[in-house]
Amino acid sequence: MAFKPANKIQDLQYFGEFGGVNPSISDSSTYTFLSAKTMFDTFEGNAEGCYLYSRHTSPSNLYLGEALAAMEGTETAHVTATGMGAITPAIMQLCKAGSHIVASRTIYGGTYAFLKNFAPQIGIETTFVDITNLEEVEKAISENTKIIYCESVSNPLLEIADIEGLSEISKKNHLQLMVDNTFSPLSISPAKLGADVVIHSLTKFINGSSDTMGGVICGTQEFIDALRNVNDGASMLLGASMDSLRAASILKNLRTLHIRMKQHSQNAHYLAAKFESDGLRVVYPGLDSHKGHELFQTMMNTEYGFGGMLTLDVGSLDKANDLMELMQERNLGYLAVSLGFYKTLFSAPGTSTSSEISEEEQKEMGLSDGLIRFSIGLDNDIKRTYQLMKECMCDTGILEPQFALN
Ligand code: PLP
């Protein structure tokens, strides 16, 4: 039977302390013990059901973690203060000095910077590859490789990773396949396709209101326990824990994720198809022209669509800047990084979210100056949005004036 991630979230039943329809929020950083012996046992990791200190975890964090694990189909999950607060400890838990990682070369700029600049300082080396080329991935594996790292839909180029193919390579070589699924929640379920660890920045679609940061690591109970271990757990010791109040608010937003994703996808698909027929250089995984379109179709939970992200290459940074400023002026969205908001957000990744990547490397991976990344919003009238965007493109010389009339 098809995996239904939104059903899995909805099937969970939580009650608050006094029968509330939402679980009570644990507004405490520390917890009392009835006996000193239980406190000792808890620190040893032997007292199930006891809480010790909220950096370790809290009831509210566990509720959110369980809902996200249900969504991804993993045994359990650990929520963190930010997406990077999920990615860096998950990697550091699996690697030590001398370890090697094979990573996609098109990933979020912060993750790229961590792997390229920070991890080598602690003896962890990374080979960056074209993740859509499985042969290249396999060739890059060495005896010290521990992880294959990728994003299901990559930031910002929207390349699609063949998760089943990568999982096969990963299993054959006894590696862990770690997939950042931030761009495609619900649409793609990486663990069901063979990923061992699934990461999200909750800051984006999952929370969906651009009012908080958050992250999650979804995986086996054994891995999550290891991350939280008081003696050598990377999450516990690096300390990027989520606050309970935030966990409670993200859980409430998670319940409408399926409705929002459908609308984001529908709107983005509409605009991408229109822009393409106007002759613009648009990249959207839902278009037949997208290199990974068929692969996406084989992996997707169809009802949520191809996601809310698209890119448009308008030829130069100056044109990109002119267009973004004009669209903001005309209230079509915000010139801002991040994604998953009700308003459309746009930015030029080459000078923002991927600026950590050198100009030369940007060129090599096909990240051009004029590329604008759009996170398409929940606009109720996307046809009107399209008309208004097209006018902006005519007024900035990106489209010929006659297009405004069509
Ligand atoms: N993963 C992806 C794909 C992202 O786009 C981002 C942020 O833009 C992150 C991870 C990092 O998440 P956060 O900003 O919540 O730390």
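The values are calculated or read from the model by the stated rules, or taken from the named source; none is laboratory data. Since we're looking at a predicted model, the values are computed, not measured. Every residue, glycine among them, receives a Cβ derived from its backbone with ideal geometry; neighbour counts consider all protein chains shown. Side chains included, ligands, DNA and RNA excluded: accessible areas come from the protein's heavy atoms. Shrake-Rupley method; radii C 1.70, N 1.55, O 1.52, S 1.80 Å.
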Review point. Filtering the range 333-342 down to residues that are open to solvent by 10 Å² or more (accessible area, probe 1.4 Å) and small (Gly, Ala, Ser), which residue is farthest from residue 182 (Cα to Cα)?
Key: 336
Review point. Got at least one residue in the range 161-169 being of a type in the set (D, E, K, R) and closer than 19 Å to residue 293 by Cα?
Key: yes
Review point. Restricting to the range 258-274, what's the tally of residues that are in contact (Cβ under 8 Å) with a residue 60 or more places away in the chain and closer than 30 Å to residue 323 by Cα?
Key: 11
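Residues are listed down the side, and each one gets a yes or a no for (1) at pLDDT 95 or above; (2) open to solvent by less than 50 Å² (accessible area, probe 1.4 Å); (3) in contact with a strand residue (DSSP E or B) (Cβ under 7 Å, 6 or more places away or on another chain):
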{"residue": "344", "(1), (2), (3)": "yes, yes, yes"}
{"residue": "347", "(1), (2), (3)": "yes, yes, yes"}
{"residue": "352", "(1), (2), (3)": "no, yes, no"}
{"residue": "356", "(1), (2), (3)": "no, no, no"}
{"residue": "363", "(1), (2), (3)": "no, no, no"}
{"residue": "373", "(1), (2), (3)": "yes, yes, yes"}
{"residue": "377", "(1), (2), (3)": "yes, yes, no"}
{"residue": "390", "(1), (2), (3)": "yes, yes, no"}
Review point. Out of (1) within 16 Å of the ligand (Cβ to nearest atom); (2) of a type in the set (A, V, I, L, M, F, W, C); (3) surrounded by 24 or more Cβ atoms within 10 Å (Cβ to Cβ), the odd one out for residue 224 is which?
Key: (1)
Point to revise | Pairs, first within 24 Å of residue 318 (Cβ to Cβ) in the range 378-396, second outside any helix (DSSP H, G or I) and open to solvent by 60 Å² or more (accessible area, probe 1.4 Å), C-beta under 7 Å, six or more apart | key: 388/330; 392/330
Revision key, fill the gap. Exactly one of 158, 166, 177 is at pLDDT 95 or above, within 15 Å of the ligand (Cβ to nearest atom), open to solvent by less than 10 Å² (accessible area, probe 1.4 Å) and not assigned by TED's automatic domain parsing to the domain that holds residue 374, and that one is 158
Review point. More than 16 Å from the ligand (Cβ to nearest atom), in a strand (DSSP E or B), among the hydrophobic types (A, V, I, L, M, F, W, C) and open to solvent by less than 50 Å² (accessible area, probe 1.4 Å): does that describe residue 79?
Key: no
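This table checks each residue for (1) open to solvent by less than 90 Å² (accessible area, probe 1.4 Å); (2) under 25 Å from residue 233 (Cβ atoms); (3) modelled with pLDDT of 90 or more; (4) not in a loop (DSSP other than H, G, I, E, B).
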{"site": "1", "(1), (2), (3), (4)": "no, no, no, no"}
{"site": "9", "(1), (2), (3), (4)": "yes, no, yes, yes"}
{"site": "15", "(1), (2), (3), (4)": "no, no, yes, no"}
{"site": "18", "(1), (2), (3), (4)": "no, no, yes, no"}
{"site": "25", "(1), (2), (3), (4)": "yes, yes, yes, no"}
{"site": "28", "(1), (2), (3), (4)": "yes, yes, yes, no"}
{"site": "38", "(1), (2), (3), (4)": "yes, yes, no, yes"}
Exercise for review: Scan the range 138-145 and give yes if some residue there is within 16 Å of the ligand (Cβ to nearest atom) and among the polar types (S, T, N, Q), otherwise no.
Suggested key: no
Exercise for review: Taking the residues in the range 93-104 that are aliphatic (A, V, I, L, M) and within 12 Å of residue 178 (Cβ to Cβ) as candidates, determine which candidate is nearest to the ligand (Cβ to nearest atom).
Suggested key: 103
Check your understanding: Is it the case that some residue within the range 236-251 is under 14 Å from residue 71 (Cβ atoms) and either open to solvent by 20 Å² or more (accessible area, probe 1.4 Å) or touching a Ser or Thr at 6+ places or on another chain (Cβ under 9 Å) (or both)?
Key -> yes
Review point. Considering only the range 302-332, how many residues are over 21 Å from the mean Cα position of the chain (by Cα), open to solvent by less than 20 Å² (accessible area, probe 1.4 Å) and not β-branched (Val, Ile, Thr)?
Key: 5
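Check the range 97-113 and report whether any residue there is part of a strand (DSSP E or B) and among the polar types (S, T, N, Q).
Scanning the range 97-113, I find at least one residue that is part of a strand (DSSP E or B) and among the polar types (S, T, N, Q), so the answer is yes.
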Revision key, fill the gap. Of (1) assigned to a helix (DSSP H, G or I); (2) in contact (Cβ under 8 Å) with a residue 40 or more places away in the chain; (3) closer than 30 Å to residue 2 by Cβ, residue 311 fails just (1)
Review point. Across the range 196-207, which residue is farthest from the ligand (Cβ to nearest atom) among those that are in a loop (DSSP other than H, G, I, E, B) and open to solvent by 10 Å² or more (accessible area, probe 1.4 Å)?
Key: 196
Point to revise | Residue count for the range 82-92, restricted to those that are crowded, with 24+ Cβ neighbours inside 10 Å and of a type in the set (A, V, I, L, M, F, W, C) | key: 4
